[in-house]
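The values are calculated or read from the model by the stated rules, or taken from the named source; none is laboratory data. All figures in this text were calculated on a predicted structure; none of them were measured in a lab. Cβ: placed from backbone, ideal geometry, glycine included. Neighbour counts: every protein chain shown. The accessibility values were calculated without ligands, DNA or RNA, using every heavy atom of the protein model including side chains. Shrake-Rupley method; radii C 1.70, N 1.55, O 1.52, S 1.80 Å.
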Amino acid sequence: MTSSISRRRFLSRSSLLAGSSALGSSLLLQGCGGSSAAIGASEKERPKMPSGIQFGDITDNRAIIWSRSDRNAQMIVEYDTSDRFANASRIAGPYASEATDFTTRVDLGGLPQGQTIFVRVRYVDPDNSKIESETLSGQFRTTPADGTKAVRFHWSGDQCGQGWGINTSFGGMKIYEAMRVRDPDFFIHNGDTVYADGPIQAEVKAENGQVWRNVVTEEVSKVAETLKEFRGRHAYNLMDENFRKFAAQVPQVWQWDDHEVTNNYSAAKNLSGDARYTEKSIATLTERGRRAFLEYAPMRYYKQSEPQRIYRSMSHGPLLDVFVVDMRSYRGPNSTNLQAVEDASSAFLGTEQVEWLVAGLKASTATWKVISADMPIGLNVGDGKDGQGNALWEALANGNDGVPLGRELEMARLLSAIRDVPNVVWITTDVHYCAAHYYDPAKAQFTNFSPFWEFVAGPMNAGSFGPGVLDRTFGPSVVFSKAPPIQASSPFAGYQFFGEVNIDPRTRAMTVELFNLDGVSQFVQTIAAAGA
């Protein structure tokens, strides 16, 4: 049990950021005290909390507290450094409303560094303060400021894809329990947090004659087109008991990729030939998908010119800075990806995001700088063919092993700009198998960069594929990979993976390990820190 701290140190002014359009408003910090009983209220009158609680975007002194009511109600948050809540601080938070699908969040600031923070959340009827929901509890750890404790985090992505949803007879999304028992400081969800374009049916035939039986809701039974359907996709994942238990213990960092909207989308995506969609406007679908994502992600919104941007960075003390990038929102159209000169059509991260990333990496004083990318750098990821039979490309690589062309030009510029930044590691998912890639300028067509590692995890409760083919422009080699012998394998086959990073505070070495959904190690790589 952690000792409590003084109320003066613990209380801080926090900002409320609720809903996809909220930019923040001040919260009323009230005196501590337990929740009152719902005296005389029937169960029907009490607010419900169907999606549990989530914590997100954790740092040394800040955290997002997220939850969802089933009706109009006020969020109440209590927190302390003791599970007895003897010296708890209480925040009367935002009101849940239909405008944000009854999701709410509180941005806690001024938290003590390197402490376990215990949290209780409930909702109160706006017209009768004695009518309350149940109280849900959770806990998380803030980052130590002095770097004396090891840092451990997990990452994965690609969730409930290809029709493999929540199968309670299988044990639900078991990979979340495998991660939870390893007790990471936080988890990075690399993207494809939902598959809005992949209907989930009651039964799906799997390999070897097996039948996968899904929990099904109305919203997931077809491709998502309406805002209600996009929201329903995120709410569906939170029906899983493993996910809710995990989210109440492990803070998350969400980023997105394509399936939060539709497969391989960009602003130029053409749905005219897809009979599943009655809504053909990719701009409309993108707006709805982004709004639902932002409502359900336990992430911090910003007050800059782009308040709902998804790329961001978080410091985890002197050992680690994490840079979360967005490879979806600023890209040009998927094309043959062979442009000889950078322009709007070859953009991937986009100029502003590249400049932000370069500046952040150069300014970082942390030993390790981890770039969390929603797509791999060197794997060829195709997007069909154009009318002339030319291959189109979804990721950076273009199937051409020569000098950088197309989107590779932007990556070459980025890698050159950070050549002198030590200890940069990339993590990613997207391709539905696990791998370790080493990029070596001595083996590359483009050589103006420092060697680096890229580690690939995923999927988590989705179809398994791979392995992919590497584009040799930046000199990658496969140090390890594990993919299914049968493409589109179900979770029954076991080819579901998450990654774990451990940073030793004494040696400052980073150890990266890949695990399957049962928590069995598949691969380990230890990397010495330059300058240690």
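Details
- Answer from 401, 420, 440, 374 - the residue that is surrounded by 22 or more Cβ atoms within 10 Å (Cβ to Cβ) and out of contact with any strand residue (DSSP E or B) (no Cβ under 6 Å at 6 or more places or on another chain): 374
- In the range 120-170, the qualifying residues are those that are among the hydrophobic types (A, V, I, L, M, F, W, C) and over 25 Å from the mean Cα position of the chain (by Cα), and the one that is farthest from residue 87 (Cα to Cα) is 131.
- Test: residue in the range 277-295 that is free of Cβ contacts under 8 Å to residues at least 24 places away in the same chain and hydrophobic (A, V, I, L, M, F, W, C): yes
- The set of residues in the range 330-344 that are open to solvent by 40 Å² or more (accessible area, probe 1.4 Å) and closer than 30 Å to residue 299 by Cα comprises 330, 333, 344.
- The lone exception for residue 483 - which of (1) surrounded by 16 or more Cβ atoms within 10 Å (Cβ to Cβ); (2) in contact with a His (Cβ under 9 Å, 6 or more places away or on another chain); (3) within 26 Å of residue 320 (Cβ to Cβ); (4) of a type in the set (A, V, I, L, M) it fails: (3)
- Being under 17 Å from residue 296 (Cβ atoms), at pLDDT below 95 and either under 27 Å from the mean Cα position of the chain (by Cα) or acidic (Asp, Glu) (or both) holds for only one residue in 19, 24, and it is 19.
- Residue within the range 240-255 that is in contact with a Leu (Cβ under 8 Å, 6 or more places away or on another chain) and open to solvent by 10 Å² or more (accessible area, probe 1.4 Å) present: yes
- None of 116, 81 is under 18 Å from residue 249 (Cβ atoms), open to solvent by less than 10 Å² (accessible area, probe 1.4 Å) and not hydrophobic (A, V, I, L, M, F, W, C) except 81.
- Residue 210 being more than 28 Å from residue 284 (Cβ to Cβ) and open to solvent by 30 Å² or more (accessible area, probe 1.4 Å): yes
- Unique residue being of a type in the set (Lys, Arg) and in a loop (DSSP other than H, G, I, E, B) when the list is 120, 71: 71
- Conditions (1) at pLDDT below 95; (2) surrounded by 18 or more Cβ atoms within 10 Å (Cβ to Cβ): number failed by residue 302: (2)
- Residues that are closer than 21 Å to residue 61 by Cβ, in a strand (DSSP E or B) and open to solvent by 10 Å² or more (accessible area, probe 1.4 Å) are absent from the range 100-110.
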